[in-house]
């Protein structure tokens, strides 16, 4: 039962990551890292395929080995956070607009402090 749960979560994460490749504000690599985590507990063959993927494999391995995020990934994430924060400031009433801004500041700080 547990294996099936992780397998379903892995496929869900993989699907969200695939959608994120086309939607600018939905991240791709974090979902692929989550999918690899889930597949490690349910299907070693699927985990191996993700680890060997030419585009996502290096990011997953770097995260697993050192908790590292590439500088390009950091810049992309921070740009998305900044865009979302500015959008919230213009489209949400005060004080609700401060919630996404605070989340962007907290999340952005955490991402920026990860090793490269």
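The values are calculated or read from the model by the stated rules, or taken from the named source; none is laboratory data. Predicted, not measured: the structure shown is a model, and the values here were computed from it. Here Cβ is always computed from backbone atoms with ideal geometry, including for glycine, and neighbour counts include all displayed protein chains.
Going by what's in this entry, would residue 77 be described as at pLDDT 90 or above and surrounded by 18 or more Cβ atoms within 10 Å (Cβ to Cβ)?
Here the answer is no, as residue 77 does not meet what is asked.
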request  = Determine if the range 85-105 includes at least one residue that is surrounded by fewer than 14 Cβ atoms within 10 Å (Cβ to Cβ) and either closer than 16 Å to residue 13 by Cβ or under 14 Å from the mean Cα position of the chain (by Cα) (or both).
outcome  = no
inquiry  = Checking residue 79 against (1) within 19 Å of residue 35 (Cβ to Cβ); (2) not assigned by TED's automatic domain parsing to the domain that holds residue 9: exactly one of these is not met. Which one?
reply    = (1)
task = Being under 30 Å from residue 60 (Cα atoms) and not in a helix (DSSP H, G or I) is the filter here, so list the residues in the range 83-116 that pass it.
result = 113, 114, 115, 116
query = Mind checking which residues of the range 1-54 are in contact with a helix residue (DSSP H, G or I) (Cβ under 9 Å, 6 or more places away or on another chain) and outside any helix (DSSP H, G or I)?
reply = 24, 25, 26, 27, 28, 41, 42, 43, 53
request  = All but one of (1) free of Cβ contacts under 8 Å to residues at least 12 places away in the same chain; (2) in a loop (DSSP other than H, G, I, E, B) hold for residue 61, so report the exception by its number.
outcome  = (2)
